[in-house]
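Undergrad: I'd like to ask some things about the structure below.
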Amino acid sequence: MQWKLATVAAAALMRVLVMSDIHANLPALQAVLADAQDAYDTVWCLGDVVGYGPNPNECADTVRALPNLTCLRGNHDVAALGSSQIDDFNQYAKTAALWTRTKLSAATREFLAGLNSREARGDFTLVHASPRAEVWEYIDTVDVAHDNFPMFSTPYCLFGHTHRATSYVLDDAGGCTEKLPEYRQALPLAGQRRLLNPGSVGQPRDRNPKAAYALLDDAAGSWEARRVAYPIADTQQQMRAAQLPALLIERLDAGR
């Protein structure tokens, strides 16, 4: 079956900045916004604005000021509000979550509390983790991806949570394959159902320390994955000052 982007009026066409897993890393977020410049008029943030990093309020303030924003809640956003258990977090994530809880402003709390776990925008379903388990499940294998395709009815689903830029394609025979991105190359979307992950702005885990995001061009029907360098040392210095765990600080250098 061939899937095509819905035909919409020209005025409704969007140029979307898609990002996820900012994790309170303001220098990384600023680098992404500077790199994208005027290439977008709409923003979809797939969750985890806070957690791990030193700038939860600054990142929340920056995100909520972006144009035509749709923002989802991620598991670290929920944890920061104290509305979910963090017993399953590793010791480093738990320490960071408890620290974040003490730092959230009233405005940030209100913003995070108002976020949904799933949204639909035209041909796109938006989730943080997966369409099957919107906040927690990791789509990190072809088998898990394959099992999630029946869980959304739109041609495309955007997700984050794994901190890895990738995509999964469902072919006409029902088989699923993973496609790693070719950065700054437009990927035509029409033709096959896809699960698309823009990667992580603030804590990449694919051995590439650069901040990751994507641009979705509604008119062209294309997806462009991007990476951009940011001053990692600035984030690390702030994390040390906040006495956040050393492992969380050091992993930024390696993108792991």
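Rule-based calculations on the coordinates, nothing more; no lab input. Every value quoted in this text rests on a predicted model; they were computed, and no experiment measured them. When we count neighbours, we look across all protein chains shown, and the Cβ atoms used for this are built from the backbone with ideal geometry, even at glycine.
Undergrad: Quick one: which of 151-163, 19-31 comes out on top by average Cβ neighbours within 10 Å, and what's the full order, highest first? Show your work: numbers first, answer last.
TA: On the way: 151-163: 22.2, 19-31: 27.9.
Result, highest mean Cβ count within 10 Å first: 19-31, 151-163.
Undergrad: Explain nothing, just the number: relative contact order of the range 116-256, from Cα pairs under 8 Å at least 6 residues apart, as a whole percent. Before the final figure, lay out the partial values.
TA: Values: 275 pairs, mean separation 26.1, N = 141.
This gives 19 percent for the range 116-256.
Undergrad: Still on this structure: Counting pairs of alpha carbon atoms under 8 Å apart in space and at least six apart in sequence, what relative contact order in percent does the range 13-254 give?
TA: Working: 563 pairs, mean separation 57.8, N = 242.
Relative contact order comes out at 24 percent.
Undergrad: I would also like to ask the following. Using Cα atoms only, what is the angle between the long axis of helix 232-241 and the major principal axis of the chain, expressed in degrees (0 to 90) to the nearest 10?
TA: With both axes taken from Cα atoms, the answer is about 40 degrees.
Undergrad: Still on this model: I'd like the FRET efficiency for LEU180 and GLN85, computed as 1/(1 + (r/R0)^6) with the beta carbon distance as r and R0 of 45 Å, rounded to 0.05. Write out the running numbers ahead of the final one.
TA: Numbers: r = 34 Å, r/R0 = 0.75.
So, using R0 = 45 Å, E works out to roughly 0.85.
Undergrad: Hey, what angle do you get for helix 26-36 against the long axis of the chain, alpha-carbon based, 0 to 90 degrees rounded to 10?
TA: 30
Undergrad: Could you give each residue of the range 39-44 its phi-based ³J(HN,Hα) in whole Hz, using Karplus coefficients 6.51, -1.76, 1.60 with θ = phi - 60°, and x for Gly or Pro?
TA: Once θ is set to phi - 60°, the couplings for the range 39-44 become 7, 9, 10, 9, 10, 10 Hz.
Undergrad: Quick one: of the DSSP bridges fully inside the chain, what percent are antiparallel, nearest 5? Kindly include the intermediate steps, with their values, before the conclusion.
TA: Values: 28 of 42 bridges.
Beta bridges within the chain, antiparallel portion: roughly 65 percent.
Undergrad: Calculate, for ALA106 and THR62, the FRET efficiency according to 1/(1 + (r/R0)^6) with r their C-beta to C-beta distance and R0 22 Å; round to the nearest 0.05.
TA: 0.80
Undergrad: Among VAL63, VAL127, VAL142, what is the fewest-to-most ranking by other Cβ atoms within 10 Å?
TA: On the way: VAL63 20, VAL127 29, VAL142 13.
With the fewest neighbours first, VAL63, VAL127, VAL142 line up as VAL142, VAL63, VAL127.
Undergrad: Just from the alpha-carbon atoms, what are the Rg and Dmax of the chain in angstroms?
TA: When restricted to the Cα atoms of the chain, Rg and Dmax are 17.3, 54 Å.
Undergrad: Which aspartates and glutamates does LYS94 reach when only Cα atoms under 16 Å apart count, and residues fewer than 8 places away in its own chain are ignored?
TA: Partners found: ASP48, ASP77.
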